[in-house]
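The values are calculated or read from the model by the stated rules, or taken from the named source; none is laboratory data. Because the structure is a prediction, the values reported are computed rather than measured. Don't worry about glycine lacking a Cβ; one is built from the backbone with ideal geometry, like all the others, and counts go over all protein chains shown. Just so you know, the surface numbers come from the protein's heavy atoms only, side chains and all, with ligands and any DNA or RNA stripped out. Shrake-Rupley method; radii C 1.70, N 1.55, O 1.52, S 1.80 Å.
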Amino acid sequence: MVEQLFYNGDIITMENFDDAPEAVLVRDGNIIAVGTLKDLKALTTPECQAISLQGKTLLPAFIDAHGHLSLTTRYISMADLSTAESFDDILHLLKEFRKQHNLTHGEYIFGYSYDHNFLREHAHPTRDILDQVSSEVPVVIWHTSIHMAVANTKALELMKIDADSPDPKGGIIGRYINSNIPNGYLEETAINPVYALQANITMDFEKQLYEAQMEYIRNGITTVQDGEVDYKTVRLFRKMSDRGKLLLDVVAYPCFDSGCGLGNVMEENKDCIKQYKNHYKIGGYKTLLDGSPQCKSAWMREPYENSGDYRGYPWLNDEVLAQHIKLAIEENQQILAHCNGDAAADQYLHIYQKVLQESNNPNKFHLRPVMLHCQTVREDQLDLMKKLQMIPSFFVAHVNYWGDIHLKNLGQTRGQRISPVHSALDRELMYNFHTDTPVIQPNIFHTLWTAVNRVTRGGILCGAEQRITVYDALKAVTIHAAYAYFEEQSKGSIKPGKRADLIITDKNPLKVEVIDLKNIQVMATYKDGELLFKL
């Protein structure tokens with residue numbers, strides 16, 4: 001038996017705002033009691049480990065409501081381009097990466113997280129740029145949104161993308177001006193062939209999986225999502241979980257639109273559907289309905305600013321989406337839908353409502369469907385979400401990272417109310433937050449800071465009326481996020497009977513100045529009572 005008594009610091013239970021217990025008793029990975037130090041000491045055994053918080057703060061470990069663990073793992077084999085400020089920087093970083101990793105002829109070179117919005121050229125590079133890295137080795141770079149990529153000539157050749165290749169439905173193949181010849185730029189569904197090419201990267205998946213998990217753990221996160229998986233990825237992660245390589249709880253969502261097929265993923269993994277087996281479970285299905293607002297591929301009801309009548313575009317037609325939703329409801333599965341633009345949100349809401357009305361499933365109102373990102377969701381759409389018992393999962397860090405771009409692309413009225421969290425709070429919706437890692441790093445305190453302050457990268461206050469309190473922000477990454485995974489009875493707060501997923505922070509987030517929230521440091525992370533990280 002392993003027993004721990006946490007005491008001598010602030011304890012935020014997330015059960016009630018005014019809770020102020022003196023101690024928490026954990027036994028064999030579960031919370032046994034919460035209360036006064038005197039009462040809990042009376043319950044301990046001689047073997048109990050007394051853990052003084054030394055004035056620091058204990059709170060429930062964070063739960064990331066959406067992200068891509070498998071892609072984060074693969075990114076470790078790629079060149080980090082997030083610091084690039086020009087095409088020359090991209091070339092330098094790729095060449096240095098190739099040299100550092102001794103990539104020889106035949107190796108595949110991938111980079112990730114370039115952002116055209118912050119490049120000096122204010123444009124995506126082309127295959128001519130990447131050919132300067134190599135004309136013989138395939139080179140591909142991912143946009144930070146993961147909705148775009150750029151490939152060099154060799155990579156296009158291997159993916160069989162040429163002048164005769166039509167644009168796929170829901171995607172665009174970039175072309176040279178006045179020509180059908182691809183220029184290397186691939187947008188939305190046109191990136192699907194990149195996933196197959198990416199499988200050729202030389203990597204130590206087990207080692208990289210450990211590194212990816214530790215990045216979450218250092219940020220106090222103990223439950224993560226793999227939010228867009230295919231049949232092969234599920235099989236790979238089942239192998240890792242069976243070998244005891246998962247430190248975190250991982251919730252996977254097979255994606256209808258992955259481009260790689262689902263096969264018999266549900267049939268072959270019945271033992272981990274809606275229940276963990278070796279820290280791995282399948283939570284339902286995922287579908288994608290549009291693109292990225294900062295890249296102007298999100299599907300909007302009204303046109304983008306200074307773009308004529310251009311409104312972005314959908315990934316799926318109504319009939320296909322209805323098939324996805326119908327299958328999920330018939331199988332009693334939760335479904336997550338990526339919706340950045342309000343036209344995409346309209347499509348999801350109305351088709352879900354229609355399929356729901358036609359369904360004879362007696363459990364259909366208890367499936368907790370999720371709308372991911374919700375960047376431009378309107379007030380009337382939040383009203384319908386309330387009616388459908390749909391969960392809004394906000395990528396609220398967008399306000400800081402790309403708020404200036406949204407104000408430019410969407411105008412002041414729409415741009416100021418991206419990620420309208422307070423509007424969801426007003427309706428008592430079970431909103432949550434996610435980091436969408438590897439789009440951004442899994443820094444939860446930065447996400448909380450953004451939700452509370454709503455300041456853009458350029459220092460602009462963006463949507464002051466949508467700011468929320470620190471406590472309401474904490475709900476989004478604890479008890480509300482647990483609800484989205486149907487785990488509110490076992491996670492998300494410090495309460496007897498729940499799992500001892502806990503973190504210790506250097507400061508109390510409820511007591512610091514809100515502008516300093518992002519500077520709070522995670523000092524220790526416990527998963528099921530086991531110490532996984534200590535600063």
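Brief remarks follow.
- Around the Cα centre of the chain, unit charges on the Cβ atoms of Lys, Arg, Asp and Glu (plus for the first two, minus for the last two) sum to a dipole of about 700 debye.
- Highest-first packing order for the peptide set 270-276, 285-291, 336-342 is 336-342, 285-291, 270-276, based on the mean count of other beta carbon atoms within 10 Å.
- Linear extension gain, Lys387 paired with Phe365, 0.36 nm per residue minus alpha-carbon span: 6.9 nm
- Estimated at the nearest 10 Å², the accessible area of Asp131 is 40 Å² with a 1.4 Å probe.
- Pairs spanning more than 29 Å between alpha-carbon atoms, out of Lys387/Lys491; Lys281/Lys364; Lys41/Lys534; Lys56/Lys475; Lys154/Lys245; Lys354/Lys527: Lys154/Lys245; Lys354/Lys527.
- Heavy-atom accessible surface of the chain, averaged per residue, reaches 39 Å², computed with a 1.4 Å probe.
- In this Cβ point-charge picture (+1 for Lys and Arg, -1 for Asp and Glu), segment 273-323 has a dipole of about 540 debye about its Cα centre.
- Charge-dipole axis of the chain as Lys and Arg at +1 and Asp and Glu at -1 on Cβ define it, positive-most pick from Trp142, Tyr310, Ile51: Ile51
- Per-atom-type breakdown for segment 182-300 gives carbon and sulfur 46% of the accessible area (1.4 Å probe, protein chains only).
- Separation of the Glu331 and Thr413 label points, Cα + 7 Å toward Cβ, nm: 4.2 nm
- The heavy atoms of Lys277 offer some 80 square angstrom of accessible surface to a 1.4 angstrom probe.
- Förster radius 30 Å - calculated FRET efficiency between Arg218 and Ile181 (Cβ-Cβ, nearest 0.05): 0.10
- Listed peptides 439-446, 138-145 by packing density, highest first (mean Cβ within 10 Å): 138-145, 439-446
- Farthest toward positive dipole pole in the chain [+1 Lys/Arg, -1 Asp/Glu at C-beta], among Ile460, Tyr231, Ile444: Ile444
- Inter-label distance for Asp506 and Glu47, nm, one decimal - labels placed 7 Å from Cα along Cα-to-Cβ: 3.5 nm
- Packing here is the average count of other Cβ atoms within 10 Å per residue, and on that basis the peptides 303-310, 65-72, 51-58, 482-489, highest first, run 65-72, 482-489, 51-58, 303-310.
- Overall form of segment 404-447 per C-alpha gyration tensor (a/c, 1.5; a/b vs b/c): oblate
- The Cα center of segment 479-535 and the Cα center of segment 246-306 differ in position by 25 Å.
- Extended-chain gain in nm, criterion 0.36 nm per residue less alpha-carbon gap, Phe17 and His350: 116.2 nm
- Taking the Kirkwood radius as Rh and the Cα radius of gyration as Rg, the chain has a ratio of Rg/Rh equal to 0.97.
- Against the chain, whose longest principal axis is taken from its Cα atoms, helix 205-218 shows a tilt of about 50°.
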